Amino acid sequence: MKNSIIYLGFIFVALLMSCNGGDPGFANPTPEARDCEATNARVNQTRSLSISPAYGISGEVTIVSDCQIEVSNFFYDGTGPAVSFYGAADGDFRSGVNMSEVLNGRTWEGETLNLYLPEGTTFDDINSFSVWCYEFDVNFSSAFFE
């Protein structure tokens, strides 16, 4: 019995290590930087990311233009497996779009990230943002724009 528990522990650690820093291959590619107009009613609105004591996540999400958000004063301890910023409609991050590079594997301390909606997507389509663990479908922290 003890050997079975140890074996299962090794498998769990191997799974976590294999996804740590992994590529969200099934997720949409990270959108490229581009210029956009600022006509959407949500432009200049800011929401705080929900505080995540488990991973030290906090920050402010601001809609900068019709295709860009800025995440400012971003803190994250980087220890979660397979984590990126996702955008989604009404918090449905399982069906959301990847908006960033992989965030895990390093510590983020008061940094600013500029992220872009995928081409053809608007803030009428996406109104919520998450520090999303795509390996396990877990919302680590999120911000919602009504």
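What follows is calculated from the coordinates using simple rules that are stated; it is not laboratory data. All values derive from a computational prediction rather than experimental measurement. Positions of Cβ are generated from backbone atoms using ideal geometry, with glycine treated the same way; all protein chains shown enter the neighbour counts.
Taking each residue of the stretch 37-53 that is touching a residue at least 12 places away in the same chain (Cβ under 8 Å) and basic (Lys, Arg) and looking for partners that are part of a loop (DSSP other than H, G, I, E, B) and surrounded by 15 or more Cβ atoms within 10 Å (Cβ to Cβ) with beta-carbon atoms closer than 7 Å, six or more apart or interchain, yields 42/123; 42/145; 47/145. The set of residues from the stretch 65-96 being more than 17 Å from residue 120 (Cα to Cα), of a type in the set (A, V, I, L, M) and out of contact with any Leu (no Cβ under 6 Å at 6 or more places or on another chain) comprises just one member, 82. Among residues of the stretch 107-126 that are over 20 Å from residue 77 (Cα atoms), those with a beta-carbon under 8 Å from a residue that is in a loop (DSSP other than H, G, I, E, B) and small (Gly, Ala, Ser) at least six positions away or on a different chain give the pairs 116/33; 125/89; 126/89; 126/96.
Condition first: among the acidic types (Asp, Glu) and surrounded by fewer than 18 Cβ atoms within 10 Å (Cβ to Cβ). Now tell me which residues in the stretch 128-146 satisfy that. Listed by number, the residues that qualify are 137, 146. Residues of the stretch 87-136 that are in contact with a strand residue (DSSP E or B) (Cβ under 7 Å, 6 or more places away or on another chain) and of a type in the set (Phe, Trp, Tyr): 93, 108, 116, 123, 129, 132, 134.
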